[in-house]
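Bear in mind these aren't lab numbers, they're just calculated from the coordinates by the rules spelled out. These numbers were taken from a predicted model, which means no experiment stands behind them. Note that each Cβ is placed from the backbone with ideal geometry, even for glycine, and that neighbours are counted across all protein chains shown.
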Amino acid sequence: MKPINLGTIGGTGPEFARKHARSTDPSTSHVASDNAKRFARGHFHKILRGLELRPQTAKELYSTTGLTSVQISRRMADLERANAIKATGQERNGCREFALVEEIA
């Protein structure tokens, strides 16, 4: 797999410089956002490895990665913003299919 930049904030992942909690959210949300930084990098790598196999939906990545659909969906948004993955335009079971950007180009 071609290396991608997974961010500069402790190498945790794309766009983790942004806070994953709103300023109006309760303090528990801010604590959860900070905790997410610790495990997000592993999630990014599992998702990217899964998409190396073939383009997949978030539901399909569940069986490939062992991550929950919520964990996958949260990281997919960051990976898409970082231009590491992109929707292929295909849909299955109500979910968009994603592929690595290098495979779409």
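Size of the stretch 53-105: Rg and Dmax of its alpha carbons, in Å, are 10.3, 29. Remark on residue 88: its backbone amide H falls under 5 Å from those of 97, 98, 99, a criterion applied only to residues 5 or more positions apart or on other chains, H modelled at 1.01 Å from N. Note on residue 90 and residue 54: the model spin-label points, each 7 Å out from Cα along the C-beta direction, lie 0.8 nm apart. Modelled label positions at residue 81 and residue 32, each set 7 Å beyond Cα in the direction of Cβ, lie 1.7 nm from each other.
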